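The values are calculated or read from the model by the stated rules, or taken from the named source; none is laboratory data. Small disclaimer: the values here were computed from a predicted structure and weren't measured. Neighbour counts are summed over all protein chains in view; Cβ atoms, including those assigned to glycine, are modelled from backbone coordinates with ideal geometry. Note: areas computed on protein heavy atoms with side chains; ligands, DNA, RNA excluded. Shrake-Rupley method; radii C 1.70, N 1.55, O 1.52, S 1.80 Å.
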Amino acid sequence: MAKGPLVSRAQLRKYRDEEEKKQHQEQNQAASDYREKEKQIDNYYRKQLKKNKPINTTRSSRNQRSRQMNSFLMKWIVIVFLLLVLVLMMVFFL
């Protein structure tokens, strides 16, 4: 029979702490690898979305908007022209 224990409690505690540290480091490494891989995947799909932007406008909507702007501008051109004629008449006749 042995006079003392083969492994003391302090040594067991030390081994357990070393194992926990090792596991913690492995978990941290795995988590950082996972985050890095996720970032690469996210970057890839973001680049793909930039390449293939969805079409939000149509030719008919652009033409319609152009016609609306054209009518708006024509109205204001007529109004400004009438005001200019009014001012010129005031200058010459008053």
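Structure data summary
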read-out	value
R62, R35, ranked by accessible area, largest first (probe 1.4 Å)	R35, R62
Solvent-accessible area per residue for the chain (1.4 angstrom probe, square angstrom)	106
Surface share of carbon and sulfur [accessible, 1.4 angstrom probe, percent] for the chain	60
Dipole moment magnitude, nearest 20 debye, the chain about Cα centre, only Lys, Arg, Asp, Glu C-beta charged	280
Entry for log10 I(q)/I(0) by the Debye sum over Cα atoms at q = 0.17, 0.18, 0.19 Å⁻¹ (calculated from the structure that is shown) out of (1) -0.93, -1.04, -1.15; (2) -0.95, -0.98, -1.01; (3) -0.65, -0.74, -0.83	(2)
27 Å Cα cut-off, lysine pairs counted over the chain (separation 8 or more, or different chains)	14
